[in-house]
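Rule-based calculations on the coordinates, nothing more; no lab input. Because the structure is a prediction, the values reported are computed rather than measured. Every residue, glycine as well, gets a Cβ built from its backbone with ideal geometry; the counts of neighbours run over all protein chains shown.
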Amino acid sequence: MPRFIDEAFLQRLSNLRFIVKGRRHGRLSGVHASPRAGVSLEFSDYRAYAPGDDFRYIDWNVYGRLDRVLVKTFVHEADLPIYLFVDFSASMQVGTPSKAQYAAQFAAGMAYLGLKGLDRVGVYPFNDRLIPGLPPRHGMGQMGKILRLLREAEPGGKTSIDQVITEFLSQTRESGIVFIISDFLGSGEYEEGLAKLVYRGDEVTVIQVLDPADASPPMVGTTRIVDIESNQRLTLTIGHRTKAEYERRFRKFQEALEAFLLSRRITYFQVTTDRSMERFIHEDLRAGGVLR
């Protein structure tokens, strides 16, 4: 795959953090604040100093202003893994940039945010099966492995999200934050797998990556069509009525996907590859309650 990421792009994401609705919290006083790897502490509030509290957590600026000895308290965010599933089926090679490139760049950005926040991050390329990936690990050393994996992956084969998730669930028992990054085309098999993730307690976000031509192909007249996943070839004469019927069926497919995800309370975003990646992350994901 061509170069799809650079350090400057990742640095421009560095002020963002995940909003995790299901993450377990426990209040810690300053005296107990000793984070291990993979656990983040976020300032929460102040409380009055009590004998035995660690002097390091006294806010001396507040003392100087108010003549009161207050201790900072923190919220302890339980360590949850972040699982990034990236579709590398044949349909993802469509477009310039390809949907696979766009999906890989997005996955790299999410991996960076997770690792920067001291979470464990794993990446799972797939088509109709899991392609060898990386289980969740801490540390920026994992980032280099993730970038190499995404850079070397080549789209090919069909898609079966149900089969991939069933295979994944047989390998891991720990629920976490799950991103499914796919065009969802060429496969009607996603309901059972996504429902299993929700039932297990995973916090699921679907990112549907489309090429602008997926919704409205710019084809009229005699056209040779190739099913990129099955390699089936047809020569068709496409008129405006045929194109309109395709667009109607595409909208129906999209409505069914959205209705299912809504019924399972799965967070859903659709993005086309002509949308600026940075604007999508900074604007859409923040407005959608995934990042802050």
Too long for a 24 Å Cα-Cα cut-off, among Lys116/Lys196; Lys99/Lys252; Lys158/Lys252, are Lys116/Lys196
Using the per-residue mean of other Cβ atoms lying within 10 Å as a proxy for protection, in what order, highest first, do the peptides 55-64, 208-217, 91-100, 281-290 fall?
91-100, 208-217, 281-290, 55-64
Rounded to whole Hz and in sequence order, give me ³J(HN,Hα) for segment 144-149 from the Karplus expression 6.51 cos²θ - 1.76 cosθ + 1.60, θ = phi - 60°, writing x for Gly and Pro.
x, 5, 5, 4, 5, 4
So for R0 = 45 Å, FRET eff. of Ala287-Glu174 from the Cβ-Cβ r, to 0.05, ends up at 0.95
What FRET efficiency would be calculated for the residue pair Ser14, Glu191, taking the C-beta separation as r and a Förster radius of 51 Å, to the nearest 0.05?
0.90
Could you order peptides 153-159, 129-135 by the average number of other Cβ atoms within 10 Å of their residues, highest first?
153-159, 129-135
For segment 276-292, what does the Karplus curve 6.51 cos²θ - 1.76 cosθ + 1.60, with θ = phi - 60°, yield as ³J(HN,Hα) per residue in whole Hz, taken in order and with x for Gly and Pro?
4, 4, 5, 5, 4, 6, 6, 9, 5, 5, 6, 5, x, x, 8, 10, 9
How much length is gained on full extension from Phe250 to Arg47, taking 0.36 nm per residue of separation minus their Cα-Cα distance?
67.4 nm
Give me, ordered by chain and number, the residues 5 or more places off Arg120 or on other chains with an amide H under 5 Å from its own placed amide H.
Leu80, Ile82
Show the residues, 5+ positions off or on another chain, whose built amide H is closer than 5 Å to the amide H of Ile19.
Leu291, Arg292
